[in-house]
Amino acid sequence: MITITLPDNSKKQYKEGVTALEIARDISEGLARNVLSAKINGEVWDAIRPIDKDADVRLLTSRDEEGMATLWHSSAHLMAEAINTLYPGVKFGIGPNIEKGFYYDIDFGDYEISEKDFEKIENKMMEFAREKQLFIRQEVSKAEAIEYFTGKNDEYKLELINELDDGEITFYRSGDFVDLCRGPHLPDTGFIKAIKLLNVAGAYWRGDIKRKQLTRIYGITFLKKKDLTDYLQFIEEAKLRDHRRIGKDLELFTFSQLVGSGLPLWLPRGAELRERLENFLKKVQREAGYEQVITPHIGKVELFKLSGHYDKYGEDSFQPIDTPIEGEQFFLKPMNCPHHCEIYKSKPHSYKDLPIRLAEFGTVYRYEQSGELHGLTRARGFTQDDAHIFCRPDQLKDEFIGVIDIVMKIFKALDFKDFITQISLRDSNDKEKYIGSDENWEKAEKAILEVSAEKKLPNTIIKYGEAAFYGPKMDFMVRDALGREWQLGTIQVDYNLPDRFEMEYVGSDNQKHRPIMIHRAPFGSMERFVAVLIEHTAGKFPLWLTPVQAIILPISEKYNKYAKKVLTLLNNSDLRARIDERSEKTGRKIRDAEVNKIPYMLIVGEREEAESTISVRKQGEGDLGEFTVDQFVKRVNEEVNTIYS
């Protein structure tokens, strides 16, 4: 007999070899029908895999991320089975679950595949799903695995197998299809009730541009048809909010293949919007004691080798720039912090000088693969609202809290109310991917956890293995209007770069000490933040931020002169306004202003000219009545000034 401990700490005795599904059935048949997989001693297993020793068991359903991951991973396997049947001889790369759904990279050989083939593949998947095929796990030796996939002439699986150790290789079978896979999988294919293949794209094998390009097919599945219907409606709404479409419609930014993929060009309206965001943060930072600095876009390779960024970002960065005449190598900076370290070191410091807070809107560069680029959310050049605080140990908590307060001001100004706080710590089982001593890591992690407890931040979670390579961090994950989660603000505690750069200050004891470094970026990157803001608001920006706050609509050409007088008064009061002088009916002008997300429409005609007033409409609210220009300016200023309160 073995002892099974459930999440409520209750213990049950079962025969050795019991499965999680049998444990669920022992609790209730209803629960058993919903179990997708199980967590056994912290590791996700198939629900039908035998348990042969005492274990902590947590049953996973569709309410659990790991449960849905199991569903989508199994669905990738099911899609591969269907494609293997429909297109004999194809070869398979990898097929993981992703945040929403799954994909599989496939070498179709001479077959041509496009979205018009999706229905045929979906139908075959549903056929296999209805058969309730078992997912059967089989442990195989390395020699057996090589023999099997050599027989299939599948060089992709053979490459993966050669990287595995003997004794850790498993196959999964469903129907007549066998795949190299760690699992876990569903008990059977019958759980899959709704299937939709979403799109097809190219993907280089192992993400290497020098390797063969495979065909990547994305899909999603659900346990109920209604869930798929709801998801597809969500996708349609997301398309309407796509920042790339809205950004083009509102003339905010563009891209040019001649300039280069992933390198956004900000148009005048977008540049103004971005400048207002920067000015807002600069004002907040000035009040908090930050000083602005400016650093070059490049640095010597040695700088980034010293900081560790060259090793960590080398493959994802642009290649070094050689200078043949003098033999130096330069690097487009992937981060701003090494430059700021050198600014700190440019003169000696006393304990009385600290904290020193250096801020910069600094542009950095990462060579993302072309298939990973996505508008402003994944670019090759982007500007971080970066700052680095150099402080004494006794100042660390207060400085960290001060950064949290800045993040909260930004969220309030932009009406981000739904967010979680994620504390990312080191994976103690994989320390090789981090730099610095255990002692420094323990001090940094302790500081973040204490600040979090003191601030009582809502919805706080801890993630192990998600820390930056030089220190733990606190990220703010915002949910937008569609419930999608975005990582925006970040704060990181770093004991390691001060060591690497040998930074010092003279303490009150007249001895030299190391400062602690805090990295922070409340927006994250200007590009990504603007993209999230566009999709969250569907382009209907807050009044203080929107490119055009008001549009003046003369009801006929003879009132254009009065409209220009109103425009001058508004511009003199620092309101952003323009005139629609087209020979269109007023109703058409109002509709167009609504479509263009302009908050206020100011209608002027005979009565307004005679009384020196304007008739005001607000987007989404309709007619607000007549105002003098001064009254309207006061209303707008009161609304705008709430962001600083």
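The values are calculated or read from the model by the stated rules, or taken from the named source; none is laboratory data. A quick note: this is a predicted structure, and the numbers were derived from the prediction, not measured. Using ideal geometry, Cβ is built from the backbone for each residue, glycine included, and neighbour counts are taken over all protein chains shown.
Key figures for this structure:
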item	result
Positions within region 279-293 being exposed (fewer than 14 other Cβ atoms within 10 Å of the Cβ) and either farther than 30 Å from residue 415 by Cα or within 25 Å of the chain's Cα centre (by Cα) (or both), in sequence order	279
Of all residues making up region 64-75, the number that are in a helix (DSSP H, G or I) and either of a type in the set (Lys, Arg) or without any contact (Cβ under 8 Å) to a residue 60 or more places away in the chain (or both)	5
Residue within region 270-278 that is buried (at least 18 other Cβ atoms within 10 Å of the Cβ), in the same structural domain as residue 405 (by TED's automatic domain parsing) and touching a Lys or Arg at 6+ places or on another chain (Cβ under 9 Å) present	no
Residue match in region 124-134 (condition: in a strand (DSSP E or B) and either in contact (Cβ under 8 Å) with a residue 12 or more places away in the chain or aliphatic (A, V, I, L, M) (or both))	yes
Matching residues, region 468-498, being under 22 Å from residue 448 (Cβ atoms), among the acidic types (Asp, Glu) and either crowded, with 16+ Cβ neighbours inside 10 Å or modelled with pLDDT of 90 or more (or both)	475, 494
Filter pass, residue 508 being in the same structural domain as residue 290 (by TED's automatic domain parsing) and either over 19 Å from residue 399 (Cβ atoms) or of a type in the set (A, V, I, L, M) (or both)	no
Elements of type strands (runs of 3 or more DSSP E) in region 476-567, at least 1 residues being among the hydrophobic types (A, V, I, L, M, F, W, C) and over 31 Å from the mean Cα position of the chain (by Cα)	550-554
Residue in region 181-201 that is nearest to residue 70 (Cα to Cα), counting only those that are β-branched (Val, Ile, Thr) and assigned to a strand (DSSP E or B)	195
From the options 247, 202, 219, residue that is in contact (Cβ under 8 Å) with a residue 24 or more places away in the chain, closer than 30 Å to residue 273 by Cβ and in contact with a strand residue (DSSP E or B) (Cβ under 9 Å, 6 or more places away or on another chain)	247
Tally of residues being without any contact (Cβ under 8 Å) to a residue 40 or more places away in the chain and either among the charged types (D, E, K, R) or in contact with a strand residue (DSSP E or B) (Cβ under 7 Å, 6 or more places away or on another chain) (or both) across region 577-598	15
Residue, farthest from the chain's Cα centre (by Cα), within region 303-336, restricted to residues that are in a helix (DSSP H, G or I), touching a residue at least 24 places away in the same chain (Cβ under 8 Å) and farther than 18 Å from residue 362 by Cα	306
The listed residue being in contact (Cβ under 8 Å) with a residue 60 or more places away in the chain and either assigned to a helix (DSSP H, G or I) or under 17 Å from residue 495 (Cα atoms) (or both), out of 382, 390, 416	390
Every pair of residues 6+ apart whose Cβ atoms lie under 8 Å, when the first sits in region 619-637 and is surrounded by fewer than 13 Cβ atoms within 10 Å (Cβ to Cβ) while the second is of a type in the set (Val, Ile, Thr)	623/616; 625/616
Flag if residue 448 is touching a residue at least 12 places away in the same chain (Cβ under 8 Å), more than 30 Å from residue 546 (Cα to Cα) and crowded, with 22+ Cβ neighbours inside 10 Å	yes
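Per-residue answers, yes or no, for (1) out of contact with any Leu (no Cβ under 9 Å at 6 or more places or on another chain); (2) outside any helix (DSSP H, G or I):
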position: 219; (1), (2): no, yes
position: 251; (1), (2): no, yes
position: 256; (1), (2): no, yes
position: 259; (1), (2): no, yes
position: 262; (1), (2): no, yes
position: 274; (1), (2): no, no
position: 295; (1), (2): yes, yes
